[in-house]
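Only one structure is covered here, and it is reproduced in the block below.
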Amino acid sequence: MRFIADGMLGKLTRWLRILGQDVKYSNKLDDAALVVAAKKERRILLTRDFELYRQGVAKGIDAFYVEGETGEEKLADIARRFNIDLNVDMATSRCPKCNSKVTQISKDKVAAKVGKSTFDHYEEFWACRKCAQIYWQGAHWKGIRRKLERTKALKTIEEGTN
Ligand SMILES: [Zn+2]
């Protein structure tokens, strides 16, 4: 299962990548280019634009019209439809910036690349295979977990009402 997201879904794209989903995103692709890329690369088109959704379906691609107002609602909507696990597993996680896989790297390799306090406080680090961005489960990680817990609750509530 692979996705392509429209230009309005940049934030959602980053969340899906962290959760291990393969999501192509560029805010430079217009509607026609999105549909062509979805078809050629067999990706599911995620869009907030109902007209684009209809165009996609008319052209025979898999498209999903993303509902919800908040980031959590949008993510819950997609997670429910595609049965996406809302737990982060770093073994399958993708770089939120560029969509490549991340790999765990040994601590000594990041000494020159992260701040001293980060280096002192954390033991596990990951690097993107393509853009080399370094990741660790730092202070912001609490916020990520909280957001995913709220999303899980939304996902369950709406499942119950269907
Ligand atoms: Zn990257």
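The values are calculated or read from the model by the stated rules, or taken from the named source; none is laboratory data. Note that the coordinates shown come from a computational prediction; the quantities given were computed from them, not determined experimentally. When we count neighbours, we look across all protein chains shown, and the Cβ atoms used for this are built from the backbone with ideal geometry, even at glycine.
Listed values, structure above:
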{"quantity": "Tally of residues being among the acidic types (Asp, Glu), in contact (Cβ under 8 Å) with a residue 12 or more places away in the chain and farther than 16 Å from MET1 by Cα across the range 23-50", "calculated": "2"}
{"quantity": "Some residue of the range 107-114 being at pLDDT 95 or above, under 16 Å from the mean Cα position of the chain (by Cα) and more than 14 Å from the ligand (Cβ to nearest atom)", "calculated": "no"}
{"quantity": "Candidates ALA38, ALA63, ALA58, ALA79 - the one that is away from the ligand (no atom under 16 Å from the Cβ) and exposed (fewer than 12 other Cβ atoms within 10 Å of the Cβ)", "calculated": "ALA58"}
{"quantity": "Residue among GLN133, GLN137, GLN104 that is within 19 Å of ARG17 (Cα to Cα) and away from the ligand (no atom under 15 Å from the Cβ)", "calculated": "GLN137"}
{"quantity": "Subset of the range 82-111 (residues that are among the small types (Gly, Ala, Ser), surrounded by 12 or more Cβ atoms within 10 Å (Cβ to Cβ) and in contact with a helix residue (DSSP H, G or I) (Cβ under 8 Å, 6 or more places away or on another chain))", "calculated": "SER93"}
